[in-house]
Structures are given as C-alpha cells and as structure tokens.
1. With +1 on each Lys and Arg Cβ and -1 on each Asp and Glu Cβ, and nothing else charged, work out how big the dipole of segment 40-151 is about its Cα centre, in Debye to the nearest 20.
2. Relative to 2.2 N^0.38 Å, what does the C-alpha radius of gyration of segment 15-77 come to as a ratio? Two decimals please.
3. Give the accessible area for Val210 in Å² (nearest 10); use a 1.4 Å probe, count only protein heavy atoms, and leave out ligands, DNA and RNA.
4. Residue by residue through segment 128-142, what is 3J(HN,Hα) from phi via Karplus (6.51 cos²θ - 1.76 cosθ + 1.60, θ = phi - 60°)? Round to whole Hz and write x for glycine and proline.
5. What number comes out for accessible area per residue over the chain if the probe is 1.4 Å? Units Å², please.
6. Specify which residue in the list Gly88, Ala131, Ala147 is farthest towards the positive end of the charge dipole of the chain, using unit charges on the beta carbon of Lys, Arg (+1) and Asp, Glu (-1), about the Cα centre.
7. With a/c under 1.5 counting as rounded, go ahead and sort segment 14-129 into rounded, prolate or oblate using the C-alpha gyration tensor (a ≥ b ≥ c being the square roots of the eigenvalues; past the cut-off, prolate if a/b is larger than b/c, else oblate).
8. Which whole-Hz ³J(HN,Hα) couplings does segment 194-204 yield from phi under the Karplus relation 6.51 cos²θ - 1.76 cosθ + 1.60, θ = phi - 60°, glycine and proline marked x?
Amino acid sequence: MWGSTFPELKGRVAVVLGPSEGVAGAVCRMLANRGVRIAVIGEQPDELEDLVDELHWLGAEAVGIVAAPADGAAAMDAVRASVLTELGAPDLLFVLTCTNRAGAGWHDMVDSGLTTTLQALQAFVPAMVEARAGAVVTLAPAGPDPASTAVGGGVTALTQHFARQVAGSGVRANVVTWTPRSSIVDDVAFAALYLASDAAASMTATTLDVAGTSIRL
C-alpha cells in the first residue's frame, strides 16, 4: 500500500539530513521508490556511501554529502551549494538528525537535534520562500531522559517558529515526534513523507505524534 502513495512526489528534489541507519535512511528509501531525487547529508562517510549505493540500486538519482553538526553554519551553507550544483533547488527538506545512539549525552543531543535543525532551516528555507513552494519536516524525540525532552521541545518550537515566519509564502513546516525504537522507524518515516506530500498541503506548524502516549509512559 505504502509504495503506491504520494505519486505527485516524483521528480521533486529532497534534502535529507540524518543517520543512514535510522529514520533518515527509511525516508530515503521511500522517496527513492517514488522517483524523488535525493541529497543525503550525514556524518559517517561509509554509511552514507552504502545508503547512496542502495538508492542508486532502487533507481533513484541520489548524492551523498558528508557534514556534521560540529562543522557549523558555514558548512551547512556549503552543503546547500553542493545540493544546488548536483540536483538543483530542493522542494523538500527533511531534518531527521536527532540522535538515538546508545549513551548519547546532552551535548550530542543538542548538537545533532537542535543546532543542526536551526542550521538547516536557515540554509534552505529562504530559497524555498523565494520560490514560494516547499515542505519541511523535522524530527523531535520524545524520550524519557532530560536531553530528549529538552531537544524535542526545542525542535518543535523552532519548527513552528519558522512555519509562522513563512506562513503565506507557500512553504510549510511540520514536526514528527517519536520515541526512538527500531520497530516504528518505518511508521515515523511514512508520517514524515505524508507531511511533505500534497496530501498535507493544508498543514503547517503541526506536530504529528508517532511516539504514542503508551510508548512514552
């Protein structure tokens, strides 16, 4: 069923930021199956290369760009320039960087989740506003620890702030919240795809909760 949904995405350009083995990888595979051209941005060169090879095998046009939160805003601007050169102006932006690595602490969570989200929004949203079209989806964790709670709330507030700033420009920005569990990665990815699709054209500054109250508690 999922493979036949959102056919209107075919031919669009998507930027996907996040670890290849998590939600970002699942989103990339779903995009590839719909004919989307994909720029994947990740920290781990080997994992990134493997994912891009898989996307090519699925028939997608895809490029991988190595970048890390610690590289700073200037590096994100360089990523944007690379995307424009390789694929053209993006229509879709998925910021799915909130880490779920075992043992990740406060600084890792803030850097991977909140800081990278801000840098990506600052780098890519203005061009979408200028084109008067685009969809942004961010990922907010809903974990049991203080870092997940703080970063999840921050990513949600930040995304909603940008959504209000660009309201009326044709650009939408929404959030998916989740509790990191491998069993629901595809559910989270499909929710992100829905928010980026034309099926959610009337939705912005919205939070779609895939974590589920029962999982959180």
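The values are calculated or read from the model by the stated rules, or taken from the named source; none is laboratory data. Fair warning: this is a prediction, and the values are worked out from it, not measured in the lab. Here the Cβ is made from the backbone with ideal geometry for all residues, glycine too, and neighbour counts use every protein chain on show. Accessible surface areas use protein heavy atoms only, side chains included; no ligands, DNA or RNA. Shrake-Rupley method; radii C 1.70, N 1.55, O 1.52, S 1.80 Å.
1. Here the size comes out at about 520 debye.
2. 1.05
3. 30
4. 5, 4, 4, 7, 6, 6, x, 9, 10, 10, 10, 10, 10, x, 10
5. Roughly 44 Å² per residue, with all protein chains present.
6. Ala131
7. oblate
8. 4, 5, 7, 8, 5, 5, 10, 4, 8, 9, 8
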